[in-house]
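One structure is given below, encoded as structure tokens.
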């Protein structure tokens, strides 16, 4: 006889903080960024079976996407077109977590970046 296990799954929209990410831009400037993702479980079966913890998987995918998007731009490019950065970030995260049964509603950079010292100085 097969065992049946019932697990509760919250289907409401949920916010996930992606806090204090230190990311280096293409021109070697270190930024400290905070981001936020809003998501919901679209497919409970996938959310429970595709990963040990779908929320943690979303967090990691958002971290990686943030590093990819910001790391591929120079600081001035990032600051000049933050809307394009946010849109690209959201699209990458949305594609990566669809297989986890999650629907990403939005992803964005929450507040102004804290800029660190340049790690490479011209001599």
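Quick notes
- Checked against (1) touching a strand residue (DSSP E or B) at 6+ places or on another chain (Cβ under 8 Å); (2) part of a helix (DSSP H, G or I), residue 69 passes all but a single condition, namely (1).
- Inspection of the stretch 83-90 identifies no residue that is within 30 Å of residue 6 (Cβ to Cβ), within 13 Å of the chain's Cα centre (by Cα) and surrounded by fewer than 17 Cβ atoms within 10 Å (Cβ to Cβ).
- Residue 62 falls short on exactly one of the conditions (1) surrounded by 16 or more Cβ atoms within 10 Å (Cβ to Cβ); (2) over 16 Å from residue 100 (Cα atoms); (3) touching a strand residue (DSSP E or B) at 6+ places or on another chain (Cβ under 7 Å), and that condition is (2).
- Considering the stretch 43-58, and only residues there that are within 17 Å of residue 15 (Cα to Cα) and surrounded by 15 or more Cβ atoms within 10 Å (Cβ to Cβ), the residue that is nearest to the chain's Cα centre (by Cα) turns out to be 58.
- Single match in 4, 9 (criterion: at negative phi, assigned to a loop (DSSP other than H, G, I, E, B), modelled with pLDDT under 95 and touching a strand residue (DSSP E or B) at 6+ places or on another chain (Cβ under 6 Å)): 9
- Residues of the stretch 16-38 classified as surrounded by fewer than 20 Cβ atoms within 10 Å (Cβ to Cβ), part of a loop (DSSP other than H, G, I, E, B) and in contact with a strand residue (DSSP E or B) (Cβ under 7 Å, 6 or more places away or on another chain), total: 1
- The residue list 52, 76 contains one member that is modelled with pLDDT under 95 and outside any helix (DSSP H, G or I), which is 52.
- The test for being under 14 Å from the mean Cα position of the chain (by Cα) and either at pLDDT 90 or above or in a helix (DSSP H, G or I) (or both) holds for residue 64.
- Some residue of the stretch 79-90 being out of contact with any strand residue (DSSP E or B) (no Cβ under 8 Å at 6 or more places or on another chain), at pLDDT below 95 and not in a helix (DSSP H, G or I): yes
The values are calculated or read from the model by the stated rules, or taken from the named source; none is laboratory data. All values reported here derive from a predicted model rather than from experimental measurement. Please note: Cβ atoms are built from the backbone with ideal geometry, for glycine as well, and neighbour counts cover all protein chains shown.
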